[in-house]
Amino acid sequence: MKKQDYTFNFEVYDTINDLKEEDKWLLNEAREVTHHAYAPYSNFQVGAIARLNNGEIVAGSNQENASFPVGLCAERVLLAAASSLFPKVPIDTLAISYHNEKGDSDHPISPCGICRQSLVEYESRVGHPIRLILGGMEGKVFVIEKAEMLLPLSFTSKDMK
């Protein structure tokens, strides 16, 4: 038997003010987009905003449903909009923020498993990594160079060939 380790590096900033201006703008916009979320059940509003390689900006927010499996996460709403409006255009950077009406919003959160899989598929489909900026309404900020880093041993189209 042989053991393998999986590790990755990411940047940690103490506050949004430590980011470069274009990243600060994206995270601030993601914070604003949380107000567009439809989250009457969880009261956990998520906003995502992306800068595409062509300079366009696309946003998404979580959309809940009384039939719980029907809801959509902000990241998947954004990916669907980006691929519909700008087919085959890579996403350069995607910022994700949240507002938790039941508690704190003071640390980065990571995309759920389904969103991680969707981000990896998008990266693969357009042949370009998606840089992630993760932060709450305040507090530390994480910057991750490739979404695929969040999903080691991912299932991809290569596995189906």
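For beta carbons closer than 9 Å, sequence separation of 6+ or different chains, a first residue in region 139-150 that is of a type in the set (Phe, Trp, Tyr) and a second that is modelled with pLDDT of 95 or more and crowded, with 17+ Cβ neighbours inside 10 Å, the qualifying pairs are PHE142/TYR13; PHE142/PRO108; PHE142/LEU132; PHE142/ILE133; PHE142/LEU134; PHE142/GLY135.
When restricted to residues that are closer than 24 Å to GLY55 by Cβ and either acidic (Asp, Glu) or more than 11 Å from the chain's Cα centre (by Cα) (or both), region 92-119 contains 1. Given the criteria outside any loop (DSSP other than H, G, I, E, B), within 20 Å of TYR6 (Cα to Cα), at pLDDT 95 or above and in contact with a strand residue (DSSP E or B) (Cβ under 6 Å, 6 or more places away or on another chain), does VAL143 qualify? Considered against the rule, which asks whether it is outside any loop (DSSP other than H, G, I, E, B), within 20 Å of TYR6 (Cα to Cα), at pLDDT 95 or above and in contact with a strand residue (DSSP E or B) (Cβ under 6 Å, 6 or more places away or on another chain), VAL143 comes out as yes.
Residues in region 146-161 that are of a type in the set (A, V, I, L, M) and assigned to a loop (DSSP other than H, G, I, E, B): LEU151, LEU153.
Quick test for you: out of ASP14, ASP23, pick the one residue that is at pLDDT 95 or above and either over 13 Å from ALA95 (Cα atoms) or among the basic types (Lys, Arg) (or both). Quick ask: steps written out before the conclusion?
Working: ASP23 fails: either over 13 Å from ALA95 (Cα atoms) or among the basic types (Lys, Arg) (or both).
Answer to the selection: ASP14.
In the set ALA66, ALA147, which member is crowded, with 22+ Cβ neighbours inside 10 Å and among the small types (Gly, Ala, Ser)?
Working: ALA66 fails: crowded, with 22+ Cβ neighbours inside 10 Å.
Within the list ALA66, ALA147, the selection yields ALA147.
Does region 42-54 include one or more residues that are surrounded by fewer than 19 Cβ atoms within 10 Å (Cβ to Cβ), touching a residue at least 60 places away in the same chain (Cβ under 8 Å) and closer than 24 Å to VAL120 by Cα? Yes, there is a match, as at least one residue in region 42-54 is surrounded by fewer than 19 Cβ atoms within 10 Å (Cβ to Cβ), touching a residue at least 60 places away in the same chain (Cβ under 8 Å) and closer than 24 Å to VAL120 by Cα.
Take ALA80 and tell me if it is modelled with pLDDT of 95 or more, under 20 Å from ALA39 (Cα atoms), hydrophobic (A, V, I, L, M, F, W, C) and not in a helix (DSSP H, G or I). Judged against the criteria, ALA80 is not a match. PHE8 meets the conditions (1) modelled with pLDDT of 95 or more; (2) in contact with a helix residue (DSSP H, G or I) (Cβ under 9 Å, 6 or more places away or on another chain); (3) among the hydrophobic types (A, V, I, L, M, F, W, C); (4) not in a helix (DSSP H, G or I) in every case but one. The failed one is (1). Taking ALA39, is it touching a Ser or Thr at 6+ places or on another chain (Cβ under 7 Å), modelled with pLDDT of 95 or more and surrounded by 13 or more Cβ atoms within 10 Å (Cβ to Cβ)? Criteria not met by ALA39.
Scanning region 3-29 for residues that are more than 19 Å from the chain's Cα centre (by Cα) and touching a residue at least 40 places away in the same chain (Cβ under 8 Å) yields TYR6, ASP14, ASP18.
The values are calculated or read from the model by the stated rules, or taken from the named source; none is laboratory data. Fair warning: this is a prediction, and the values are worked out from it, not measured in the lab. We place every Cβ from the backbone using ideal geometry, glycine too, and count neighbours over all the protein chains shown.
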